[in-house]
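*Asks:* This is the structure I want to talk about, given as structure tokens.
A short reminder: the numbers here are calculations on the coordinates, not readings from a lab. Small disclaimer: the values here were computed from a predicted structure and weren't measured. Backbone-built Cβ (ideal geometry, glycine too); neighbour counts: all protein chains shown.
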Amino acid sequence: MNLLFIDGEAVETLNEVATETAQAAPAGSGWTFWIMIIAMIAIMYFFMWRPESKRRKQMENFRKGLKKGDKIITAGGIYGVVKEVHETSLLIEVDSNVTLRIDKNMVVGDPTQGVINQ
């Protein structure tokens, strides 16, 4: 221990005081690390996973509720009217006497509602 004498009193040098302080209180302790990890996971859940899950459920319900006569938009940008509904596919009329069979998962929205889910 290095002591510095000022006015007859022994005073520790700044280097030793700083070293002792750094050893007594480490810069990052274990519990702060875990709090930060938990906070990051919570942020990801509320801003990424949860909204995506809600959107996926909404699209699934929309696709299950399709019926003859509904207007739809496909993922390729084709507008059509549903003619037949099968378990995994749809028959849509694109123009007069022009029909297409598409997969239900390729339906992305309803143009009559003004909201297109992507």
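*Asks:* Order these by the 10 Å Cβ neighbour count, fewest first: 99, 88.
*Replies:* On the way: 99 13, 88 7.
Ascending number of Cβ neighbours within 10 Å: 88, 99.
*Asks:* Which net charge results when you count Lys and Arg as +1 and Asp and Glu as -1 among the other residues whose beta-carbon is under 14 Å from that of residue 47?
*Replies:* Details: positive: 50, 54, 55; negative: 52.
Within the 14 Å Cβ shell, the charges total +2.
*Asks:* Another one. Summing Lys, Arg as +1 and Asp, Glu as -1, what charge do residues with Cβ under 10 Å from the Cβ of residue 107 carry, residue 107 excluded?
*Replies:* Working: positive: 63, 104; negative: 70, 103, 110.
Every neighbour counted, the sum reads -1.
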